[in-house]
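Novice: My questions all concern the structure below.
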Amino acid sequence: MILRKSRTNAPLSLKVQSKAVVKTSIDKQGVKLGMWLFLYTEIMLFGGMFVLYAAYYTRYTSDFIEGGKILDLWMGTLNTVILLSSSFTVAAAIMAIRRSSKKTALVLLAISIFFGLLFLFNKYVEWGHKFEADIYPGSSTLEAAGYGSSMFFGLYYVITGLHGLHIVIGVTLLSISFVFILMGRIHAERFAILENSGLYWHLVDLIWIFIFPLFYLIL
Amino acid sequence: MDDGHQNHVLSYSKLALVLGILIGLTSITVIVSRIDLGVLNIWIAIMIAAIKSSFVLLFFMHLKYESKLVRISVVGTIGCLTMLIGFIFWDISFR
């Protein structure tokens, strides 16, 4: 029909030009690489914290071991299992979106968000017990216990606090992805937001894998 | 170009297997930590943590199916971190 019209009205080349569509392509590789670059800065951030921990561990070994005994091993183990499971559900949610099963992805993401909140709740209970026992930076018990113990619990609050902040950000990102799936903005063809949120969540899990033995398992 | 990587989809059961291994390793590390092995304790704990994190990186974070660029840069980052830790301990041990 367009052809017939162009024959009668305007030159064909003009018509074709006006109909030209600019094709946009998404640099999937670049989107992912950008996320990884950000994750490297996060690894260095927590890496620096771990170095600090290790340096003080060599100087105040006995104080650190005493401090480790005060921490609740079962709470730490429970939180480890919770985070590992949430990592699995996030990875499975990405797989579900790739297979276009929207409902499965939504359920899996909802479970992941729930796990994230559960982790935070446990952390709240755990910190609460420590505060009740008068163990917090600057408390009289820690002041009396000496510099090594203050250092151990100082690092404990800074590192688990910073990690907790990452959990809050991770839960937020997963919730945004959840809404975007509902709206149909994340689907089998475009799921970079979900994938990158997932990468972030796995990194938070990865960091906890190292926090757990350093604080809860030292004997 | 990268479609080969993009389209690779792990199965649910394989992911569940990875989760099983991770939880298994967690129980091992908790049990071992209750046995007094002296200096070995901390090294075993860190070794198990390293194994666990490789599982997370390779399968949950899809590193195994990622492009060469990403894989090399991850190794590079871990290399930088190792260098940082190495030099700091070099300093600490000669004080």
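Every number in this text was worked out from the coordinates using simple rules, so none of it is lab data. Note that the structure is a prediction, hence the values are computed from the model and not measured. All Cβ positions, even for glycine, are placed from backbone atoms using ideal geometry, and neighbour counts span all protein chains on display.
Novice: Would it be correct to say that A:Leu73 is within 12 Å of chain B (Cβ to nearest Cβ) and either closer than 30 Å to B:Gly20 by Cα or surrounded by 22 or more Cβ atoms within 10 Å (Cβ to Cβ) (or both)? Full working, then the answer.
Specialist: On the way: within 12 Å of chain B (Cβ to nearest Cβ): yes; either closer than 30 Å to B:Gly20 by Cα or surrounded by 22 or more Cβ atoms within 10 Å (Cβ to Cβ) (or both): yes.
Judged against the criteria, A:Leu73 is a match.
Novice: The conditions are (1) free of Cβ contacts under 8 Å to residues at least 12 places away in the same chain; (2) over 23 Å from A:Gly67 (Cβ atoms); (3) over 18 Å from the mean Cα position of the chain (by Cα), and A:Leu182 fails exactly one of them. Which is it?
Specialist: Of everything listed in (1) free of Cβ contacts under 8 Å to residues at least 12 places away in the same chain; (2) over 23 Å from A:Gly67 (Cβ atoms); (3) over 18 Å from the mean Cα position of the chain (by Cα), A:Leu182 misses just condition (1).
Novice: Does the range A:130-163 hold any residues that are under 21 Å from A:Ile43 (Cβ atoms) and not aromatic (Phe, Trp, Tyr), and which are they?
Specialist: Hits for the range A:130-163 are A:Leu155, A:Val158, A:Ile159, A:Thr160, A:Gly161, A:Leu162, A:His163.
Novice: Every residue in the range A:86-127 that is within 11 Å of another protein chain (Cβ to nearest Cβ) and either in contact with a Ser or Thr (Cβ under 7 Å, 6 or more places away or on another chain) or surrounded by fewer than 17 Cβ atoms within 10 Å (Cβ to Cβ) (or both), please.
Specialist: First, pick out the residues of the range A:86-127 that are within 11 Å of another protein chain (Cβ to nearest Cβ): A:86-99, A:101, A:104, A:108.
Within the range A:86-127, A:Ser86, A:Thr89, A:Val90, A:Ala93, A:Ala96, A:Arg99, A:Ser101, A:Thr104, A:Leu108 qualify.
Novice: So A:Ile169 passes all but one of these: (1) surrounded by fewer than 16 Cβ atoms within 10 Å (Cβ to Cβ); (2) within 11 Å of chain B (Cβ to nearest Cβ); (3) of a type in the set (Val, Ile, Thr). Which condition number does it fail?
Specialist: Condition not satisfied by A:Ile169: (2).
Novice: Over 16 Å from A:Leu217 (Cα atoms), in a helix (DSSP H, G or I) and within 7 Å of chain A (Cβ to nearest Cβ): does that describe B:Leu84?
Specialist: Values: over 16 Å from A:Leu217 (Cα atoms): yes; in a helix (DSSP H, G or I): yes; within 7 Å of chain A (Cβ to nearest Cβ): yes.
In short, yes.
Novice: Any residue in the range A:91-119 that is among the hydroxyl-bearing types (Ser, Thr, Tyr) sitting within a Cβ distance under 7 Å of a residue that is surrounded by 20 or more Cβ atoms within 10 Å (Cβ to Cβ)? List the pairs, counting only those 6 or more apart or interchain.
Specialist: A:Thr104/A:Ala96; A:Ser112/A:Ser86; A:Ser112/A:Thr89; A:Ser112/A:Val90; A:Ser112/A:Ala93; A:Ser112/A:Leu174
Novice: Considering the range A:175-215 alone, what residues qualify as being assigned to a helix (DSSP H, G or I) and more than 14 Å from every other protein chain (Cβ to nearest Cβ)? Outline the logic, then answer.
Specialist: Start the filter on the range A:175-215 by keeping residues that are assigned to a helix (DSSP H, G or I), which leaves A:175-183, A:192-215.
Those that are assigned to a helix (DSSP H, G or I) and more than 14 Å from every other protein chain (Cβ to nearest Cβ): A:Ser175, A:Ile176, A:Ser177, A:Phe178, A:Val179, A:Phe180, A:Ile181, A:Leu182, A:Met183, A:Ile193.
Novice: Right, another one. When you look at A:Tyr53, is it of a type in the set (Ser, Thr, Tyr) and either assigned to a loop (DSSP other than H, G, I, E, B) or over 21 Å from A:Leu203 (Cα atoms) (or both), yes or no?
Specialist: Details: of a type in the set (Ser, Thr, Tyr): yes; either assigned to a loop (DSSP other than H, G, I, E, B) or over 21 Å from A:Leu203 (Cα atoms) (or both): no.
Judged against the criteria, A:Tyr53 is not a match.
Novice: If we keep just the residues of the range B:50-67 that are without any contact (Cβ under 8 Å) to a residue 60 or more places away in the chain and not hydrophobic (A, V, I, L, M, F, W, C), which is farthest from the other protein chains (Cβ to nearest Cβ)? Step through it out loud before you land on a result.
Specialist: Here is the first cut: in the range B:50-67, the residues without any contact (Cβ under 8 Å) to a residue 60 or more places away in the chain are B:50-64.
Still in the running and not hydrophobic (A, V, I, L, M, F, W, C): B:52-54, B:62, B:64.
Working: B:Lys52: 5, B:Ser53: 5, B:Ser54: 10, B:His62: 8, B:Lys64: 12 Å.
Across the range B:50-67, the extreme among qualifying residues is B:Lys64.
Novice: Follow-up question, since we're still on this one. Run down B:Leu10, B:Leu37 and say which single residue is outside any helix (DSSP H, G or I), hydrophobic (A, V, I, L, M, F, W, C) and surrounded by fewer than 17 Cβ atoms within 10 Å (Cβ to Cβ). Write out each step before concluding.
Specialist: Values: B:Leu10 fails: surrounded by fewer than 17 Cβ atoms within 10 Å (Cβ to Cβ).
After applying the criteria, what remains is B:Leu37.
Novice: What residue, of A:Ile218, A:Ile167, is under 24 Å from B:Ser53 (Cβ atoms), touching a helix residue (DSSP H, G or I) at 6+ places or on another chain (Cβ under 7 Å) and outside any helix (DSSP H, G or I)? Write out each step before concluding.
Specialist: Values: A:Ile167 fails: outside any helix (DSSP H, G or I).
Selected residue: A:Ile218, the only one of A:Ile218, A:Ile167 that is under 24 Å from B:Ser53 (Cβ atoms), touching a helix residue (DSSP H, G or I) at 6+ places or on another chain (Cβ under 7 Å) and outside any helix (DSSP H, G or I).
Novice: Still on this structure, I have one more. Among helices (runs of 4 or more DSSP H) lying entirely in the range A:61-160, which contain 1 or more residues that are more than 30 Å from B:Leu15 (Cα to Cα) and within 26 Å of the chain's Cα centre (by Cα)?
Specialist: Numbers: elements: A:61-70, A:73-98, A:102-132, A:140-145.
Those helices (runs of 4 or more DSSP H) span A:61-70, A:102-132.
Novice: Shifting gears a bit: Pairs needed: first member in the range A:44-67, small (Gly, Ala, Ser); second member anywhere, in a helix (DSSP H, G or I); C-beta distance under 7 Å; at least 6 residues apart or different chains.
Specialist: A:Gly47/B:Leu81; A:Gly47/B:Leu84; A:Ala55/B:Ile88; A:Ala55/B:Ile92; A:Gly67/A:Ser149; A:Gly67/A:Phe152; A:Gly67/A:Phe153
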